[in-house]
Amino acid sequence: MITGTSAAQMDLTLEQAIQLGLQNNEEYLRAVKEHEKAGWRVTEAQSSALPQLEASLNYVRNWELPTFVVPFGDDGPQEVKFGTTNSYTAGLTLTQPIYIGGKVFTALSIAKTYKKLTQEQLRLARQNLQLQVIKSFYAAIMADELLRVAAQAEKLAAEGLEVTRKLFAQGLVSDYEVLRAQVRLANARPNRIDAEAGAELAYKNLNNLIGLPVDSKPRLVQDPQIDRYLLPHFDLDSARMAMLEKRPEIKMARYQSEIYKKAVSIAWGGWRPSIFFQTSLQYQAQSDLDRFPGSDDFKRSSYSGIAITIPIFDSWRTVSQAKQAKIDLANSRLSETELEENLILELERCWYDYQKARENLTAGSETVEMARRGLDIARLRFENGVGTQLEMFDAEVALTAAETNKIIAFNNLVTGLAALLKALGEEDLIR
């Protein structure tokens with residue numbers, strides 16, 4: 001257990017956040033349990049082909065014995081009672097299915113295929129969780145950075161107000177410019193308050209996702225090297241083909257079609273015969289005395305037999321089930337084709353979004369440096385009475401916008417890379 005205090009003091013890397021998510025996230029853990037459940041379904045299907053051993057104990061109390069009327073020649077009909085007051089039966093029966101229309105082994109094959117499907121579901125859940133953690137992790141970092149920019153903008157507005165007041169005291173600016181500087185500072189404070197609320201909410205979302213106390217605020221550690229998030233150029237056409245073989249969604253759809261195909265075979269199995277072998281050992285005792293019989297009172301009997309059931313007419317139930325299974329198979333294959341088309345579009349969209357984020361980040365880095373130099377020049381000009389207050393305010397706005405755009409571009413680059421790797425079907429979304 002991680003207490004709120006220790007979680008607030010801990011350094012948290014992205015890799016550690018993902019591991020915490022894999023340990024604590026409820027949605028991912030449900031996928032793990034579903035895969036475990038699929039393993040037991042295989043065992044359940046296997047049991048249908050194995051012998052079944054049953055023990056039975058029966059006791060019957062006859063309050064009134066059945067009476068039969070039997071004719072005895074010239075003496076006329078005579079009443080005869082059959083049975084005893086107490087009847088005891090103990091038995092052991094072994095049943096072995098020999099052939100059930102091919103349903104048993106087909107069901108076993110379906111169970112094994114379903115287990116493979118849940119394995120791909122688990123892969124997909126892991127990928128989705130990684131992407132969610134990456135987005136939430138960097139959303140919290142971005143919220144901190146936006147808070148820093150908002151606080152910086154408020155500080156610049158406060159500094160601008162002080163400069164304006166000094167110049168007003170010297171008679172170099174009017175009281176209107178002092179009032180405008182005050183309004184600018186008042187407008188900067190709500191932005192900083194909104195940024196604080198955004199940062200708090202971003203941390204709560206991250207903590208809820210990975211299982212940390214919701215009110216904690218760990219120190220997020222990120223790799224500042226931009227090169228880590230830059231992919232070398234690759235051929236998009238080749239990537240499309242490779243993606244179709246790696247995406248878990250594609251494999252899940254193919255396994256689903258395979259299950260529907262086998263369901264057709266099970267449906268037609270309703271017209272095939274069923275053969276069972278059964279053997280039984282029984283001990284029976286009957287008594288009119290109100291006491292449990294002794295061991296010598298029980299009589300032993302046993303039998304073995306083979307039962308064959310041949311369906312002749314089931315009012316078209318089998319045909320209806322088979323037709324429905326065929327329709328499910330056809331729909332599954334249509335869904336598989338549609339899924340492939342959608343995943344190709346997703347890959348292309350992620351690729352273009354990632355490229356756009358790279359270009360925006362490169363441009364944003366240069367813009368921030370120019371905006372800082374512009375603000376220094378505008379402030380110096382205003383302090384020396386050469387420039388205007390509006391010029392200085394415009395420079396402050398330009399710097400705030402440039403830093404905000406750079407922060408957003410970096411977040412888009414990191415999350416865009418993770419989304420692109422997921423679209424390619426990669427297991428590890430961290431580079």
Output for Cβ contacts, cut-off 7 Å, separation at least six or different chains, first residue free of Cβ contacts under 8 Å to residues at least 24 places away in the same chain in the range 174-195, second open to solvent by less than 70 Å² (accessible area, probe 1.4 Å) and of a type outside the set (S, T, N, Q), reads 182/161
If we keep just the residues of the range 162-188 that are among the charged types (D, E, K, R) and within 59 Å of the chain's Cα centre (by Cα), which is surrounded by the fewest Cβ atoms within 10 Å (Cβ to Cβ)? 162
Residue pairs meeting the criteria (Cβ under 6 Å; at least 6 apart or on separate chains; first in contact (Cβ under 8 Å) with a residue 24 or more places away in the chain, in the range 245-265; second charged (D, E, K, R) and open to solvent by 60 Å² or more (accessible area, probe 1.4 Å)): 255/116; 257/333; 260/328; 264/326
Conditions (1) in contact with a helix residue (DSSP H, G or I) (Cβ under 6 Å, 6 or more places away or on another chain); (2) open to solvent by 90 Å² or more (accessible area, probe 1.4 Å); (3) modelled with pLDDT of 85 or more; number of the one not met by residue 41: (3)
For residues that are surrounded by fewer than 18 Cβ atoms within 10 Å (Cβ to Cβ) and under 21 Å from the mean Cα position of the chain (by Cα), scanning just the range 234-253, find the one that is modelled with the highest pLDDT. 246
Residues of the range 379-396 being within 17 Å of residue 153 (Cβ to Cβ) and open to solvent by 80 Å² or more (accessible area, probe 1.4 Å), in sequence order, are 390, 394
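Please find, among 286, 278, 282, the residue that is in a strand (DSSP E or B) and at pLDDT below 90. It would help to see each step written out before you state the result.
On the way: 278 fails: at pLDDT below 90; 282 fails: at pLDDT below 90.
None of the other options fit; the residue is 286.
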Against the conditions (1) touching a residue at least 24 places away in the same chain (Cβ under 8 Å); (2) part of a helix (DSSP H, G or I); (3) farther than 21 Å from residue 164 by Cβ, where does residue 425 fall short? Just the number, please. (2)
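Quick one: would you say residue 125 is closer than 30 Å to residue 252 by Cα, open to solvent by less than 60 Å² (accessible area, probe 1.4 Å) and in contact with a Phe, Trp or Tyr (Cβ under 6 Å, 6 or more places away or on another chain)?
Criteria met by residue 125.
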For the range 292-318, enumerate the residues that are open to solvent by less than 100 Å² (accessible area, probe 1.4 Å) and either touching a residue at least 12 places away in the same chain (Cβ under 8 Å) or in a strand (DSSP E or B) (or both). 293, 297, 298, 301, 302, 304, 305, 307, 309, 311, 314, 318
Out of 28, 59, which single residue is open to solvent by 90 Å² or more (accessible area, probe 1.4 Å), at pLDDT 85 or above, of a type in the set (Ser, Thr, Tyr) and not in a loop (DSSP other than H, G, I, E, B)? 59
Given the condition out of contact with any Cys (no Cβ under 8 Å at 6 or more places or on another chain) and surrounded by fewer than 14 Cβ atoms within 10 Å (Cβ to Cβ), answer yes or no: does some residue in the range 397-410 qualify? no
Condition first: modelled with pLDDT under 90, of a type outside the set (Asp, Glu), within 26 Å of residue 275 (Cα to Cα) and in contact with a Pro (Cβ under 8 Å, 6 or more places away or on another chain). Can you find one or more residues in the range 316-329 that meet it? yes
Criterion first (β-branched (Val, Ile, Thr) and under 30 Å from residue 227 (Cβ atoms)) does residue 344 satisfy it? yes
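Please pick out the residue among 361, 339 that is among the hydrophobic types (A, V, I, L, M, F, W, C), in a helix (DSSP H, G or I) and in contact with an Asp or Glu (Cβ under 8 Å, 6 or more places away or on another chain). Step through it out loud before you land on a result.
Details: 361 fails: in contact with an Asp or Glu (Cβ under 8 Å, 6 or more places away or on another chain).
Testing whether each residue is among the hydrophobic types (A, V, I, L, M, F, W, C), in a helix (DSSP H, G or I) and in contact with an Asp or Glu (Cβ under 8 Å, 6 or more places away or on another chain) leaves just 339.
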Among residues of the range 362-390, those that are touching a residue at least 40 places away in the same chain (Cβ under 8 Å) and not hydrophobic (A, V, I, L, M, F, W, C), counted: 6
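Could you grab me the full set of residues in the range 202-228 that are among the hydrophobic types (A, V, I, L, M, F, W, C) and touching a residue at least 40 places away in the same chain (Cβ under 8 Å)? Break it down stepwise before answering.
Narrowing the range 202-228 to residues among the hydrophobic types (A, V, I, L, M, F, W, C): 202, 206, 209-210, 212, 214, 220-221, 226.
Answer for the range 202-228, where residues must be among the hydrophobic types (A, V, I, L, M, F, W, C) and touching a residue at least 40 places away in the same chain (Cβ under 8 Å): 202, 206, 209, 210, 212, 220, 221, 226.
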Residues that are open to solvent by 60 Å² or more (accessible area, probe 1.4 Å), more than 20 Å from residue 149 (Cβ to Cβ) and either in contact with a strand residue (DSSP E or B) (Cβ under 7 Å, 6 or more places away or on another chain) or not in a helix (DSSP H, G or I) (or both), drawn from the range 193-233: 214, 215, 221, 225, 230, 232, 233
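Just to check your reading of the model, which residue among 145, 200, 159 is closer than 28 Å to residue 28 by Cα, in contact with a helix residue (DSSP H, G or I) (Cβ under 9 Å, 6 or more places away or on another chain) and of a type in the set (D, E, K, R)? Outline the logic, then answer.
Working: 145 fails: closer than 28 Å to residue 28 by Cα; 159 fails: closer than 28 Å to residue 28 by Cα.
Exactly one of 145, 200, 159 is closer than 28 Å to residue 28 by Cα, in contact with a helix residue (DSSP H, G or I) (Cβ under 9 Å, 6 or more places away or on another chain) and of a type in the set (D, E, K, R), namely 200.
The values are calculated or read from the model by the stated rules, or taken from the named source; none is laboratory data. What you are looking at is a predicted structure, and each value in this text was computed from that prediction instead of being measured. With ideal geometry, Cβ positions are generated from the backbone for all residues, glycine too; neighbour counts draw on all protein chains shown. The protein model used for the area step is the full one, side chains on, heavy atoms only, and it has no ligands, DNA or RNA in it. Shrake-Rupley method; radii C 1.70, N 1.55, O 1.52, S 1.80 Å.
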